[in-house]
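K.L.:
Sharing a structure here in structure tokens format.
The values are calculated or read from the model by the stated rules, or taken from the named source; none is laboratory data. Owing to the predicted nature of the structure, the values given are computational and were not obtained by experimental measurement. Virtual Cβ from ideal backbone geometry, glycine too; neighbours counted across all protein chains shown. With ligands, DNA and RNA removed, areas are computed over all heavy atoms of the protein, side chains included. Shrake-Rupley method; radii C 1.70, N 1.55, O 1.52, S 1.80 Å.
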Amino acid sequence: MKKTIFTLMLLIPILGLSQEVKLNTKTASVSFVFEADNTKGTITGITASIALNPMNLGSSVIKGSALVGAIDTGNKIRNKHLQSKEYFNAEKYPTMNFTSSSITKDGDDYKANGTLTIKGITKEVSFTLKMEGEDMVFKTTVYASDFNIEVKKGREKNKVSVKVTVPKS
């Protein structure tokens, strides 16, 4: 029942009462796994807006950002190192940003294609979007080295699984 109510809350703006859903992202987070050494972490400080119209996906847009300074791997020294000029350079590039260019239906889920900008470098990425319980969840895989963040030598060793979770408000 709660899932139905949450889905209806998301659909009411879509069905014409409003085109854009401003999300309460205070409890949203980005979780990531740096696969080469199974380093896990989160990033908070999420802002996002979604205008998702299942009847006209061509007019739908997803935008979001996360604060680089809010990286938390459970290790304060590693967090500070990741925020340094050598890696994310949080002082110069305080946010990571995603803007969709197209949204398509993919079975029961959606696919949001667009650009991800990290450390001033913009790359094309695709997120899968689905409901998991009462959470809206976006998933993708990126390579840190594509954004000039080379933790290990070689692209494949810089693979990062990313999951953005926007819980029910």
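K.L.:
Taking a cut-off of 13 Å between Cα atoms, list the aspartates and glutamates near K152, but don't count ones fewer than 8 places away on the same chain.
P.N.:
E35, D37, E86
K.L.:
How do 38-44, 76-82 rank on mean C-beta neighbours within 10 Å, highest first?
P.N.:
Numbers: 38-44: 15.4, 76-82: 13.7.
Going from most to least packed, we get 38-44, 76-82.
K.L.:
Separate question: Report the label-to-label distance for K105 and K85 in nanometres (one decimal), using points 7 Å from each Cα along the Cα→Cβ vector.
P.N.:
Spacing of the two 7 Å Cα→Cβ label points: 5.2 nm.
K.L.:
Quick check: at a probe of 1.4 Å, how many percent of the accessible area of segment 33-111 sits on carbon and sulfur atoms?
P.N.:
On the way: 2350 of 4550 Å².
Roughly 52 percent of what the probe reaches on segment 33-111 is carbon or sulfur.
K.L.:
Working out 0.36 nm times the residue gap between Y143 and N56, then minus their Cα-Cα distance, what length gain in nm do you get to one decimal?
P.N.:
Numbers: separation 87, 0.36 × 87 = 31.32 nm, distance 3.17 nm.
In short, 28.1 nm is gained.
K.L.:
P(r) of segment 47-104 in 5 Å steps, Cα pairs, percent per bin?
P.N.:
4, 18, 19, 14, 11, 10, 10, 8, 4, 0
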